[in-house]
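The values are calculated or read from the model by the stated rules, or taken from the named source; none is laboratory data. These figures come from a predicted structure and were not determined experimentally. Ideal geometry is used to build each Cβ from the backbone, glycine not excepted, and the neighbour counts take in all protein chains shown.
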Amino acid sequence: MAALQPVSDPTAVFGRRVVATLVDGAVVFVPTVAVVSAQFEYLSVSQLGGMDPQRYCDQYMREQQGVCVSTAEINDRVYFNDGGYAGGGLVFWGLGFLLLVVLQGLTGWTIGKLLTGIRVVRDDGRPPGIGKALVRWLLWVVDGQPCGVPLVGFITGLTTTGHRRVGDMVAKTFVVRASAAGTPVSVPGLSAPPPVPDSSPIGPWTGPSPADAAGPQWDAARNTYVQWDPAQSRWLQWDEAARTWSPIPDQ
């Protein structure tokens, strides 16, 4: 079986991540803005009884504690809303949760990532699951600083080994090329390089106990990755030819 030697860094997709983030942002924000805009009422300038449009807006915001925007120079109107943005908030948080937690957790992709050919995966190459996707989403409260401008996420994603933002580091996820999904993630400088293949016969399993297992580990004797599967209560080995995990035969 061929060793899983990485020929390049599968996480070197930062430019595509930026594009994917912009696409996903548009998927969430455009419907949100549309709903919020639909909640605004308006009056034509002729309905203000001769009052200056900007003065009307100033008075409205002072007395109603709402939002008022004058577009008198464009279409002779003033738009106002008393702060009822519940519909917009529901669309924003609902779409964000469905896209970045549910869809991304189950498949590893969002609309932006699908279009740019990248995926979010765990260290074993599988989709992150809803739990890890939720952690990544919640950590935008850090990566999105300062003040909603994702400078923290941009800097950490650009400079860290494995190109991981804070959400990735906490959730233990990676963003990789779509072609690398399904294979254990091996990042130069982060993952230990596989040892030289050993041609000696494979003996009984001598790896760590399940309690010490923490994700895929390189097994020199089998010349592949192994990991503990709690669901089956047994060790699995990576089959590169079939690109799947299979149980290690009992010996």
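Checking each residue in the stretch 141-162 for being part of a loop (DSSP other than H, G, I, E, B) and either modelled with pLDDT of 95 or more or over 14 Å from the mean Cα position of the chain (by Cα) (or both) picks out Gln145, Pro146, Cys147, Gly148, Val149, Thr160, Thr161, Gly162. Among the residues of this structure, Gly112 does not count as one that is in contact with a Pro (Cβ under 7 Å, 6 or more places away or on another chain), at pLDDT 95 or above and either outside any helix (DSSP H, G or I) or surrounded by 14 or more Cβ atoms within 10 Å (Cβ to Cβ) (or both).
Quick one: which of Gly25, Gly15 is farther than 30 Å from Arg243 by Cα and either in a helix (DSSP H, G or I) or at pLDDT 90 or above (or both)?
Exactly one residue qualifies, and that residue is Gly25.
None of Ala86, Ala20 is closer than 26 Å to Val149 by Cα, of a type in the set (A, V, I, L, M, F, W, C) and exposed (fewer than 14 other Cβ atoms within 10 Å of the Cβ) except Ala86.
Among the residues making up the stretch 163-191, those that are among the small types (Gly, Ala, Ser) and within 13 Å of the chain's Cα centre (by Cα) are Gly167, Ala171. The numbered conditions (1) at pLDDT 95 or above; (2) part of a loop (DSSP other than H, G, I, E, B); (3) of a type outside the set (Asp, Glu) are all true for Gly182 except (1).
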